[in-house]
Amino acid sequence: MRQTNEIFTRYKHNPIITFRNMPYVCQSVFNPGATMFGDDTLLLLRVEDLEGKSHLTVAKSSDGVSDWRIDKEPLISPYQNASPYEVYGCEDPRITWLDDLKKWVITYTAYSPYGAGVALATTSDFKTIDRQGLVLAPNNKDAAVFPRRIKGRYWMLHRPAAGNIEHIWLTDSVDLGHWGHPRCVLLERGGPMWDGVKVGTNTIPIETEEGWLILYHGVKQFSMNYTYRMGAALVDLEDPERMLARLPYWILGPHEHYEVTGAVPNVVFPCGHVQVGDEIRVYYGAADTCVCMATASISELLDALRKHRL
């Protein structure tokens with residue numbers, strides 16, 4: 001019998017990528033987006049350079065855990081064709097395949113003296129990109145595009161900051177460039193809750209027969225320190241503003257040494273997943289220092305959510 005609430009199981013050889021695996025000098029590597037690219041698992045790594053800025057670099061693996069083939073140059077960088085709104089760095093990517101466009105959409109945090117906003121780019125080969133630029137103004141981050149149109153529109157989760165209030169919101173678009181109709185979908189719970197201080201999207205939404213499975217991070221404040229954990233919720237397939245269920249507890253939190261020590265201690269922060277049948281592989285940053293992987297059964301996640309329908 002499992003003696004923990006953690007539905008996800010860590011890969012026994014975590015971490016799977018550290019700065020030592022990179023083909024060039026850097027400070028750390030973490031918070032990757034993820035997708036399948038042909039027969040390979042593709043990660044878009046957030047890499048922090050020695051100046052302190054982040055860029056995004058492609059890594060591929062045939063088994064999704066080892067023998068990573070990592071590009072020697074970034075795909076998206078604050079030094080290459082960057083706008084003024086990302087000169088401090090390009091961070092925390094999420095990758096969505098849109099079948100109607102036959103392209104991948106990459107959302108990422110554009111960081112600059114103006115704050116942190118949501119930028120968007122598209123690619124068909126992960127060698128070249130079409131930068132759309134900033135699509136949601138600062139301060140905003142943790143954006144993830146749904147993997148299909150709903151009611152004829154593209155939809156995106158994002159996390160604007162309004163003072164000390166940081167909930168998850170929805171917005172929609174007809175062209176991926178102009179986003180509107182904001183609506184709040186998942187609130188930070190306040191008080192002593194594990195997701196009481198702020199919440200934000202982790203991976204892109206996962207379509208199931210029972211609804212869109214939303215993996216999100218929640219933050220709890222301990223004195224002056226923060227702990228980042230992952231939770232789960234379920235929203236309606238054709239009306240994603242409608243919350244169907246939300247687990248009251250986290251399903252992956254920092255316990256292992258590589259999660260509790262590092263640049264930012266006590267952090268697990270997934271930005272990407274791949275799905276093989278009923279199994280989901282989540283790729284996450286640990287302590288803003290290295291890349292790790294954990295697996296879970298979608299059926300088990302849905303079983304848990306059924307017990308907490310709203």
Cut-off 12 Å, label 7 Å out along Cα→Cβ of R183, residues of region 237-251 by amide N: 237-243
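How high is the FRET efficiency from D63 to V174, r the C-beta distance, R0 35 Å, rounded to 0.05? Let's see the in-between values first.
Numbers: r = 39 Å, r/R0 = 1.12.
In this case the efficiency is close to 0.35.
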Choice from I165, I204, I214 with maximal GNM fluctuation in the chain (Cα, 10 Å cutoff): I165
Highest average packing first - 63-71, 113-121, Cβ atoms within 10 Å: 113-121, 63-71
The chain: most fluctuating residue of H13, H217, H167 per GNM, C-alpha cutoff 10 Å: H13
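Answer rounded, prolate or oblate for region 9-306, using the Cα gyration tensor with square roots of eigenvalues a ≥ b ≥ c: rounded when a/c is under 1.5, else prolate when a/b is larger than b/c, else oblate.
Because its axes are fairly even, with a/c under 1.5, region 9-306 counts as rounded.
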For the chain, built as a Gaussian network whose Cα springs stay under 10 Å, the top-fluctuating residue of E86, E238, E188: E238
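Report, as a whole number in µm² per second, the diffusion coefficient that Stokes-Einstein gives for region 249-305 at 25 °C and 0.890 mPa s using the Kirkwood radius over alpha carbon pairs. Intermediate values should be presented prior to the final figure.
Numbers: Rh = 12.0 Å.
The Stokes-Einstein estimate is 205 µm²/s.
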Region 205-243: trypsin sites (Lys or Arg not before Pro) in DSSP loop, at most 16 other beta carbons within 10 Å: R242
Expected 222 nm ellipticity per residue - DSSP helices of 4 or more, -39500 (n - 2.57), all of the chain, to 500: -1000 deg cm²/dmol
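Laboratory data are not the source of any read-out in this text; all were calculated from the coordinates shown. Source: prediction; values computed, not measured. So basically every Cβ, Gly included, is an ideal-geometry build from the backbone, and we count neighbours across all protein chains shown.
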